[in-house]
Amino acid sequence: MEIAQHNESLLAAHQRAFNYIAGETDQTEAILNKLAAFQVAIPSWALGTGGTRFGRFPAGGEPRNLEEKIEDIGLLHKLNQSSGAISLHIPWDIPSNPANIRALAAEHGIRFDAMNSNTFQDQPGQALSYKFGSLQHVNKAIRQQAIDHNIEVIKHGIELGSDSLTVWLSDGSCFPGQLNFRQAFQHTLEGLQEIYKALPDNWKVFVEYKAFEPNFYSTTVGDWGQSLLYAGKLGPKAYTLVDLGHHLPNANIEQIVALLLMEGKLGGFHFNDSKYGDDDLTVGSIKPYQLFLIFNELVEGMDARGMNHAKDLGWMIDASHNVKDPLEDLLQSVEAIMLTYAQALLVDRKKLAAAQLNNDVVTAQEVLQQAFRTDVRALVAEARLRAGGSLNPLGYFRAAKVRAQLIKKRGLKTVATGL
Ligand code: AOS
Ligand code: ZN
Ligand code: ZN
Ligand code: ZN
């Protein structure tokens, strides 16, 4: 079934909804252009069923290699026109032929967002173990192995045309006394400095922080303060990466985002949602208002710094779960991000600033909630439609029986690599 054909049946209802929302703002065209430019990167590891340590219940038809991962993202992008980027993970996605992979991605309109290194697992044949950490390790040879791996990841990224590296370290300790905190920090900093030296001029490195898991007493890049310390000491190419699930409960993430932006040190995001910890659930499924408040800070802060919304930060999803079709889930996540971005663009900034100046707390809240409670679905759908996408990506995915086709092609028992 063609996308246009599926759109046909939805067009009249869409037009009614779009006319309504277009009449509510004089920013319609500007917002549509911003939405069209905004692309969210799909992590290669979210295309298969993630599972938990208790089990995995694969949906079948999962991508078996990098080529098939790119094809899956190509399909998502064809439908929503907003997922034209992929974030790779090494060693799970080592390209056997980088030129071919580049060409395939280009065919699907996909670029390579941040590369991810992996020093949280031991790989088959690996000389030394990361059981007690990688860059923080008391053993210099193990630290060097982790540095070499990250430099290797940069090389793969260069071949593919990526321009950033995300370093997430599971380093930390599980029990008091296990680690000398200062020494662990110093070792990690020295390792990051070596990796930083290997970055090409146009590259960035994102230092991702996480409060806990897999270590449950301390984490060596445990919060945004620690990440910012590393990024500051490393230099202008180093930034902090915010994964929404990596905070202690009730952290004010939007405030963290505002301050990192202010300092010019916000690198990008791993979007997901959570109720308890690093749950990696579908974006916007648990705390949509928190996501809106984050986007509100992003729009305000990026505009204040004259930044390009689409290009100046890394917009990535980091999700993993057990009970949904991974592709349907990613369509939901991208949709949630686009809707929230559109709502943040609708915030009446002048009115908000005036309310703040007058300590008019009620009006300030009203301004934000006016935008948050606006149904912007038709705006996002219109942006997709104009770009040649589907009015209802999820509806198309089901109507065209995409998963059944993938299972037919790839089989029911597929093992995708990833977390
Ligand atoms: C781990 O909790 C972090 O969120 C990582 O960003 C990510 O899940 C990992 O790098 C995937 O390999
Ligand atoms: Zn992450
Ligand atoms: Zn995480
Ligand atoms: Zn995660």
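Taking the listed residues Asp325, Asp312, Asp318, the one that is on the phi < 0 side of the Ramachandran plot and without any contact (Cβ under 8 Å) to a residue 24 or more places away in the chain is Asp312, with no other qualifying.
No other residue among Gly395, Gly411 is out of contact with any Pro (no Cβ under 7 Å at 6 or more places or on another chain), small (Gly, Ala, Ser), over 30 Å from Gly55 (Cβ atoms) and surrounded by fewer than 21 Cβ atoms within 10 Å (Cβ to Cβ) apart from Gly395.
Is it true that some residue in region 168-184 is among the aliphatic types (A, V, I, L, M), in contact (Cβ under 8 Å) with a residue 60 or more places away in the chain and closer than 16 Å to Glu194 by Cα? The answer is no; no qualifying residue exists.
Annotation note: Cβ proximity below 8 Å between a residue of region 348-359 that is in contact (Cβ under 8 Å) with a residue 12 or more places away in the chain and a residue that is polar (S, T, N, Q) and part of a helix (DSSP H, G or I) (sequence gap 6+ or interchain) occurs for Asp348/Gln370; Lys351/Thr363; Ala355/Thr363. Asp318 falls short on exactly one of the conditions (1) touching a strand residue (DSSP E or B) at 6+ places or on another chain (Cβ under 6 Å); (2) within 14 Å of Gln81 (Cα to Cα), and that condition is (2). Residues in region 275-285 that are more than 11 Å from ligand 1 (Cβ to nearest atom) and over 14 Å from Asp329 (Cα atoms): Lys275, Tyr276. Scanning region 80-125 for residues that are part of a strand (DSSP E or B) and not small (Gly, Ala, Ser) returns Ile86, His89, Arg111, Phe112, Met115, Asn116. Applying the condition of being loosely packed, with under 15 Cβ neighbours inside 10 Å and among the basic types (Lys, Arg) to region 122-154 and asking which residue is farthest from Phe216 (Cα to Cα) yields Lys140. The residue that is farthest from ligand 4 (Cβ to nearest atom), among those in region 165-191 that are part of a strand (DSSP E or B) and within 26 Å of the chain's Cα centre (by Cα), is Leu165. Being farther than 19 Å from Ala114 by Cα, away from ligand 3 (no atom under 16 Å from the Cβ), among the charged types (D, E, K, R) and surrounded by 13 or more Cβ atoms within 10 Å (Cβ to Cβ) is a property that does not hold for Glu194. Reported count of residues in region 95-120, each being at pLDDT 95 or above, of a type outside the set (Ser, Thr, Tyr) and surrounded by 13 or more Cβ atoms within 10 Å (Cβ to Cβ), is 16. Would you tally the residues in region 11-30 being under 30 Å from the mean Cα position of the chain (by Cα) and over 10 Å from Ala378 (Cβ atoms)? Of the residues in that region, 5 qualify. For region 272-296, a tally of residues being closer than 16 Å to Trp224 by Cβ and within 16 Å of ligand 3 (Cβ to nearest atom) returns 1.
The values are calculated or read from the model by the stated rules, or taken from the named source; none is laboratory data. Only a predicted model underlies this, so the values are computations on that prediction, with no experimental measurement involved. Every residue, glycine as well, gets a Cβ built from its backbone with ideal geometry; the counts of neighbours run over all protein chains shown.
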